[in-house]
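Okay, structure first, notes after.
The values are calculated or read from the model by the stated rules, or taken from the named source; none is laboratory data. Computed from a predicted model, the values in this text were never measured in an experiment. Cβ sites come from the backbone with ideal geometry, for glycine too, and all protein chains shown count toward neighbours. Calculation scope for accessible area: heavy atoms of the full protein, side chains included, ligands and nucleic acids excluded. Shrake-Rupley method; radii C 1.70, N 1.55, O 1.52, S 1.80 Å.
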Amino acid sequence: MEKVILIRYGEIHLKGLNRPYFERALLRNIKKALKDIPNVKVIRAQGRFYVEDYADEAAVIQALTRVFGIVSISPAYKFEKDFEALVKHSKAMIEGLLAGTQNDVLTFKVESRRADKRFPMDSMEISRELGARLLQAFPRLKVDVHHPEAVLNVEMREFCYLYHQSIPCAGGMPVGTNGKAVLLLSGGIDSPAAGWMIAKRGVELTAVHYHSFPYTSDRSKEKVIDLARILAGYNGSLRLHVVPFTRIQQELYEKCPDEQLTVLMRRFMMKIAEEIARKEGAAALITGESIGQVASQTLAGLVVTNDAVSMPIFQPLIGFDKIDIMNLAQSIGTYETSILPYEDCCTVFTPKHPTTHPRLDRIIKSEALVNGEELIREALENTEVIEL
Ligand code: ATP
Ligand code: MG
């Protein structure tokens with residue numbers, strides 16, 4: 001008997017030519033996610049994958065729950081197709097389940113599938129016979145076909161697979177099957193969650209962070225690197241561009257009206273991100289705004305900010321309440337890092353009374369007061385690239 005992990009992926013809209021493309025990408029991403037696990041093997045068979053030959057099951061499971069395109073996984077026993085072997089391994093599995101419950105009785109049922117029609121018993125017979133043998137062996141077991149506490153799944157394929165657990169995974173599409181986009185990654189709660197949502201649809205991320213040294217500390221940069229590292233777990237890997245932003249903020253601060261500073265800064269962020277996206281072969285930008293969340297995220301503010309570039313800007317959290325974003329951040333594992341209290345570049349130069357109704361013509365006039373092209377070129381030249 002061997003322990004394996006069975007991987008299921010979505011197939012609803014996977015017809016024809018798309019399917020091998022999707023499967024190849026998923027296989028590549030699974031292998032990448034498991035690259036640090038010694039000797040591990042990933043095998044493709046009959047519309048699913050199996051992971052074999054690993055020592056650390058928990059590590060494999062944790063890595064797989066981050067691979068987009070996987071719907072669920074089941075740790076399973078794999079052995080020869082022999083009914084007595086099935087009884088033996090089922091008994092071992094039930095013993096484990098009984099040991100884990102305080103109740104006097106454990107309700108269960110057996111669900112069987114026979115993909116290999118050469119196996120002499122059909123699925124009904126397997127379920128019935130196995131159920132009977134288990135009831136005989138364990139007085140604490142009771143059958144409940146409607147609401148069992150445990151379901152023993154038997155699959156007769158090229159081997160026999162036996163499992164009782166199905167762990168839900170992230171779903172979505174394999175990263176890389178839907179092009180590339182640049183995520184504007186702050187140290188906050190929202191942008192990592194926004195990046196996660198777009199990556200989940202198969203878009204490969206590259207991240208950009210604007211850093212205002214010495215107004216923001218190295219620790220605030222470290223925090224963003226930590227967030228990028230968590231996202232890299234979903235993205236396969238992640239390139240982070242750390243762009244020095246202080247000079248731009250100082251210029252705007254000296255030359256432009258105070259209440260416009262936030263919008264002006266945000267337009268520069270978009271323009272620089274667009275340049276980086278072009279170089280990276282990315283087709284869109286991603287940010288973490290939600291309508292009305294803060295002064296700069298009024299509808300008027302968003303429109304004037306987004307007008308700075310021609311590339312599409314995806315804002316997947318736009319209709320989310322903060323509490324929903326916080327829950328999402330918690331579930332993807334970024335929240336605890338995001339709430340660490342280091343300053344970010346926008347808090348340093350935040351105006352006292354930011355305009356909530358910026359007018360594009362006035363903003364463009366103010367922008368002309370600084371040498372934008374030169375400032376952007378300089379920022380790009382001094383950008384640090386970190387591979388995670
Ligand atoms: P977040 O929680 O993502 O920081 P926020 O609610 O603080 O968002 P803003 O500060 O208005 O919102 O920023 C809006 C979006 O602009 C962010 O979600 C992020 O995509 C981008 N952004 C803000 N600051 C930075 C930064 N220093 N570097 C990169 N992107 C940034
Ligand atoms: Mg923020």
Looking at the stretch 198-214, can you tell me whether even one residue there is in contact with a strand residue (DSSP E or B) (Cβ under 9 Å, 6 or more places away or on another chain), among the small types (G, A, S) and at positive phi? yes
Checking the structure you have, find out if any residue of the stretch 336-352 is at pLDDT 95 or above and among the acidic types (D, E). yes
Which ones in the stretch 214-247 are without any contact (Cβ under 8 Å) to a residue 60 or more places away in the chain and more than 12 Å from ligand 1 (Cβ to nearest atom)? P214, D218, E222
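Quick check on the stretch 141-181: of everything there that is aromatic (F, W, Y) and within 29 Å of the chain's Cα centre (by Cα), which residue is farthest from ligand 1 (Cβ to nearest atom)?
Filtering the stretch 141-181 down to residues aromatic (F, W, Y) leaves 159, 161, 163.
Going one step further and asking which of them are within 29 Å of the chain's Cα centre (by Cα), we end up with 161, 163.
Working: Y161: 43, Y163: 39 Å.
Ranking the qualifying residues of the stretch 141-181, first place goes to Y161.
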Could you check S331 against (1) modelled with pLDDT of 95 or more; (2) open to solvent by less than 60 Å² (accessible area, probe 1.4 Å) and say which number it fails? (2)
Of the residues in the stretch 257-266 that are open to solvent by less than 10 Å² (accessible area, probe 1.4 Å) and not β-branched (V, I, T), the one that is farthest from E204 (Cα to Cα) is L261
For the stretch 182-208: of the residues being within 11 Å of ligand 1 (Cβ to nearest atom) and farther than 24 Å from I323 by Cα, which is surrounded by the fewest Cβ atoms within 10 Å (Cβ to Cβ)? V208
Looking at the structure I just gave you, is A25 among the hydrophobic types (A, V, I, L, M, F, W, C), farther than 19 Å from E155 by Cα and free of Cβ contacts under 8 Å to residues at least 60 places away in the same chain? no
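Within the stretch 124-140, take every residue that is touching a residue at least 24 places away in the same chain (Cβ under 8 Å) and open to solvent by 20 Å² or more (accessible area, probe 1.4 Å) and give me the one that is nearest to the chain's Cα centre (by Cα).
S127
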In the list L340, L375, L317, which residue meets the criterion of being more than 28 Å from M197 (Cβ to Cβ) and among the hydrophobic types (A, V, I, L, M, F, W, C)? L375
Tally up the residues in the stretch 219-258 that are hydrophobic (A, V, I, L, M, F, W, C) and part of a loop (DSSP other than H, G, I, E, B), please. 3
Say whether the condition of being under 25 Å from the mean Cα position of the chain (by Cα), within 19 Å of H164 (Cα to Cα) and touching a residue at least 12 places away in the same chain (Cβ under 8 Å) is met by at least one residue in the stretch 102-112. no
Which one is farthest from ligand 2 (Cβ to nearest atom), of the residues in the stretch 178-202 that are out of contact with any helix residue (DSSP H, G or I) (no Cβ under 7 Å at 6 or more places or on another chain) and of a type in the set (K, R)? R201
Among the residues of the stretch 101-123, what is the count of those that are over 15 Å from N153 (Cα atoms) and open to solvent by 70 Å² or more (accessible area, probe 1.4 Å)? 6
Checking the condition within 14 Å of ligand 1 (Cβ to nearest atom), of a type in the set (D, E) and surrounded by 13 or more Cβ atoms within 10 Å (Cβ to Cβ), which residue from E378, E289 passes? E289
Looking at E155, is it open to solvent by 40 Å² or more (accessible area, probe 1.4 Å) and acidic (D, E)? no
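A quick yes/no check of all residues on (1) open to solvent by 70 Å² or more (accessible area, probe 1.4 Å); (2) within 16 Å of ligand 2 (Cβ to nearest atom):
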position: F268; (1), (2): no, yes
position: L302; (1), (2): no, yes
position: T305; (1), (2): no, yes
position: L317; (1), (2): no, yes
position: F320; (1), (2): no, yes
position: Y335; (1), (2): no, yes
position: T350; (1), (2): yes, yes
position: T355; (1), (2): no, no
position: S366; (1), (2): no, no
